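*Asks:* Below are the structure tokens for one structure; questions will follow.
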Amino acid sequence: MKMMKKIMFVAFALLVASSFAAKKVKSKLGDVELTKEKDGGSVVCTASFNDEMTVLKEGDTEVLVKGACGQGWVPKSKVEYVAQKAGDKSMKLEDVDIVGWLDNPSAVFVLENDDIDFDGVNIDRDFKEYLQHTMDRETMEMRNGEN
């Protein structure tokens, strides 16, 4: 029971962390006007083409964003989501014991340390040098008396 609580805690922590990840958007074409209401209305400010804005709330056809110039609603058709920059996506679970099991036992390997001197394995699948001559299927069947 204690192990199950720990597993549920880790799963809940991952869920919360992923839900609070800030989504970024930017304009598809040119400058974008941020409006006070969802349906349009008065313009709060205009975000330039290169400005990245943080999504605060999503509606059906509009998004509430916060940019460098201010906060307002923008139609979803005028913005596109920005992919997150590559970086360290590791998580540290220092004081949490993670216990798992496999339903279908098989070989499992866990690499604890990275070997700096490891260059990798080169798999060369070129067997042309070992072939003495080529032969098609019909010739092979005739030679073995299969046809």
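The values are calculated or read from the model by the stated rules, or taken from the named source; none is laboratory data. From a predicted model like this one, the values you see are computed outputs, not experimental measurements. Quick reminder, even Gly has a Cβ in these numbers, built from the backbone with ideal geometry, and neighbours come from all protein chains shown.
*Asks:* Find the residue count for region 68-84, including only residues that are over 14 Å from Lys36 (Cβ atoms) and in contact with a Leu (Cβ under 8 Å, 6 or more places away or on another chain).
*Replies:* Count: 1.
*Asks:* Quick one: is Glu138 at pLDDT below 75, over 27 Å from the mean Cα position of the chain (by Cα) and farther than 30 Å from Phe9 by Cβ?
*Replies:* Answer is no for this residue.
*Asks:* Going through region 1-42 one residue at a time, which ones are small (Gly, Ala, Ser) and modelled with pLDDT of 75 or more?
*Replies:* Across region 1-42, the qualifying residues are Ser27, Gly30, Gly40, Gly41, Ser42.
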